[in-house]
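Beneath this line is the structure, given in structure tokens, with notes to follow.
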Amino acid sequence: MRHLSLLAATLLLAACVRTPPTRQAPQPVVIAPAPVELVPTPKGMREDDAATLRERLLMVPVAGVQPIQLRDTFSERRDGGRTHRALDILAPRGTPVLAADEGYVLSVRENRLGGRIVYMVDPARRLVYYYAHLDRWAEGLAEGRTLAKGDVIGYVGTTGNAPRDTPHLHFQVMRLDDPKRYWDGLPLDARPFFAYDGRPNVPDRQAAR
């Protein structure tokens with residue numbers, strides 16, 4: 001009888017104690033960037049220029065950098081009252097600089113402001129891409145060379161008038177208005193139109209050498 005009383009008491013106690021439900025950790029909310037085709041036309045940009053930029057599905061031209069990491073430097077003021085009208089993408093010296101689009105090389109040269117520079121044009125010859133302050137060029141890069149998106153064209157540096165302690169790529173997109181003056185086209189704010197992270201087509205053994 002005593003054993004039955006103990007068993008009944010144990011069952012009654014178990015019925016009164018509730019096991020708290022298992023709580024799952026909240027899952028992080030991941031917000032993907034808007035598809036490039038949904039990017040509105042920036043203020044002051046022609047609709048046809050915006051359409052061309054959407055179509056090109058540009059790659060960020062520095063290895064390891066994502067579109068969301070790009071800082072808006074297009075409208076920043078510079079010495080002498082001028083406007084920057086380009087993107088500065090900071091990265092360690094020697095980081096691979098990539099072709100943002102398919103196309104071919106227009107010019108590989110050096111000047112006082114940009115240092116070691118590269119100009120390339122898209123396949124339809126509508127956009128010119130300007131890369132400046134390169135530490136060095138990729139081996140074999142030359143005028144007329146065909147490029148695929150993600151090909152290494154050089155390495156981040158501080159040549160030209162770049163601050164020596166701030167390695168970065170000065171990257172500018174221009175509308176090609178006059179093929180004889182391809183370096184002098186209207187600058188376009190390409191920052192909202194990058195579709196791909198900066199990823200070299202093949203592992204680069206010369207980086208940060």
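For the residues VAL173, VAL152, the requirement of being over 22 Å from ASP48 (Cβ atoms), of a type in the set (Val, Ile, Thr) and either touching a Gly at 6+ places or on another chain (Cβ under 6 Å) or crowded, with 20+ Cβ neighbours inside 10 Å (or both) singles out VAL152.
Every residue in the range 97-117 that is under 19 Å from ARG199 (Cβ atoms) and over 17 Å from the mean Cα position of the chain (by Cα), please. Matches in the range 97-117: GLY103 only. Taking the conditions exactly as written (among the basic types (Lys, Arg), in contact with a Gly (Cβ under 8 Å, 6 or more places away or on another chain) and at pLDDT 95 or above), does ARG125 satisfy them or not? No, not satisfied. For ALA132, the requirement of being surrounded by 13 or more Cβ atoms within 10 Å (Cβ to Cβ), at pLDDT below 95 and either under 20 Å from ARG181 (Cα atoms) or among the hydrophobic types (A, V, I, L, M, F, W, C) (or both) is not met.
For the range 90-106, the condition of being touching a helix residue (DSSP H, G or I) at 6+ places or on another chain (Cβ under 9 Å), closer than 23 Å to GLY44 by Cα and part of a strand (DSSP E or B) holds for none of the residues. The C-beta contact set for the range 151-171 (first residue more than 17 Å from MET59 (Cβ to Cβ) and in a loop (DSSP other than H, G, I, E, B), second residue at pLDDT 95 or above and among the β-branched types (Val, Ile, Thr), distance under 7 angstrom, 6+ apart or interchain) comprises ARG164/THR158; THR166/THR158; PRO167/VAL156; PRO167/THR158.
The values are calculated or read from the model by the stated rules, or taken from the named source; none is laboratory data. Only a predicted model underlies this, so the values are computations on that prediction, with no experimental measurement involved. Ideal geometry is used to build each Cβ from the backbone, glycine not excepted, and the neighbour counts take in all protein chains shown.
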